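These notes are about the structure you will find just below.
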Amino acid sequence: MIFILNRVDQRGQDDIAIADKIKQLQLEIQTTLSLKELPDIIPLSGRFLYYAQCAWGATGISNNSSVDAVARRHYLNGMLVDCSSLIKLHTSEDKKLKKWFRDLEDRIDDGEVIDDESMRKVLYHVYDWSGGNRLWQCMRDRVRESFSELVILPALIDVLDRYKLLINAIDVELNIQKINEKEEVETKQQQIIDASERLTREVENIRDRFQQEVKEIIKLLKQDNQTERSILSQQSKKGFNSFYDIVSKVEEDLIENLISPVRDAFEQDKGSYELEEELTKVIPPPKAKAIAKAYDLVNRKLTKFNKDDSGYFIRQVRQDAQEKIRSMEHQQFSL
């Protein structure tokens, strides 16, 4: 269960700290609804997010925006006026960023066209400051954890309901038969009860087996084991081929758009900013920045090693140089 605490930007200076308020609400909701775990409560500034998203439009951030310059200035001006306190809070320790937003306000007042690149920078910060990133990540985690319940089981509900209707129809049909002998009536009644119980158990077993099979297939699809996938493909029933196609497409997309650029960056000794700019074309800026940061860390550590003809990275130190040995071991494990 996910709760959204909206308009957190409207809080006053003497209000309870947002973290303490969320903790208090979590305990109250857990007690009221008798929940086993604390619910997720996401602090959100909906108005802040609304202005920024309207200024960009419905297209993906890696594509070109379809919003015209006049509408963009209108929404950005509303954001800078209505959400100024939130912007001030998050730029108070970054003078460069604070100046950038002030310059943006001046550009809007002067009627300048705000280009897509400037708008992407606004969105990058608004997604973070408004709580949008946290909300979307929470929703993605919930969907991933409950994939079989949210996607697979709803497709089976109609089938299971038809099984129950079949059971009821059999019960009704058998009950309306005219049986004269009392003993035969009792025998038939017992047969109906036994058959109904067996059919009910079988329906439950089929559902449990199918759900378990789906979970096992999902687990195997997450592994890079072509032998297991080949066996699974031969054993699976018709209708699951699309799952394999999706997984293959995702793998190809990851290799082409993420793994290959990083590999090329290592081979060509590219800078982390150059790699980040390249990755931003295919993934959100926060993700691209995280990958570029990890690349920069690994690349700097590898400079302390020598690469031999076999492709292995080697570093030699004296046996009695304990400090260098510890440093080398630390670098080895951090890689």
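The values are calculated or read from the model by the stated rules, or taken from the named source; none is laboratory data. No experiment lies behind these values; they were computed from the predicted model shown. Cβ sites come from the backbone with ideal geometry, for glycine too, and all protein chains shown count toward neighbours.
So that you can scan it fast, the table gives a plain yes or no per residue for (1) of a type in the set (D, E, K, R); (2) modelled with pLDDT of 70 or more; (3) not assigned by TED's automatic domain parsing to the domain that holds I255:
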| site | (1), (2), (3) |
| --- | --- |
| P285 | no, yes, no |
| A290 | no, yes, no |
| D296 | yes, yes, no |
| N299 | no, yes, no |
| Y312 | no, no, yes |
| Q316 | no, no, yes |
| E323 | yes, yes, yes |
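Is there a residue in segment 95-105 that is farther than 25 Å from E277 by Cβ and part of a loop (DSSP other than H, G, I, E, B)? For segment 95-105, residues farther than 25 Å from E277 by Cβ and part of a loop (DSSP other than H, G, I, E, B): absent. State all residues of segment 159-186 that are under 30 Å from I217 (Cβ atoms) and at pLDDT 70 or above; if no residue qualifies, say none. Selection gives D161, R162, K164, L165, I167. Put simply, of I114, I87 the only residue that is among the aliphatic types (A, V, I, L, M) and either more than 21 Å from P286 (Cβ to Cβ) or outside any helix (DSSP H, G or I) (or both) is I114. A Cβ distance below 8 Å, combined with a sequence gap of six or more or placement on separate chains, defines the contacts here; from segment 19-34, residues that are closer than 17 Å to G131 by Cβ and outside the structural domain of G131 (by TED's automatic domain parsing) reach no residue that is of a type in the set (D, E, K, R) and surrounded by 10 or more Cβ atoms within 10 Å (Cβ to Cβ). The residues listed here are Q268, Q223, Q189, Q235; of these, the one that is farther than 22 Å from E145 by Cα and modelled with pLDDT under 75 is Q235. Could you look through segment 90-146, keep only residues that are touching a strand residue (DSSP E or B) at 6+ places or on another chain (Cβ under 8 Å) and not basic (K, R), and pick out the one that is modelled with the highest pLDDT? So the residue we want is S130.
The residue pairs whose first member lies in segment 194-206 and is within 13 Å of R162 (Cα to Cα), whose second member is assigned to a helix (DSSP H, G or I), and whose beta carbons are closer than 6 Å, counting only pairs six or more residues apart or on different chains, are L199/I167; V203/Y163. Criterion applied to G111, G131 was being under 26 Å from the mean Cα position of the chain (by Cα) and not acidic (D, E), and the one residue passing it is G131.
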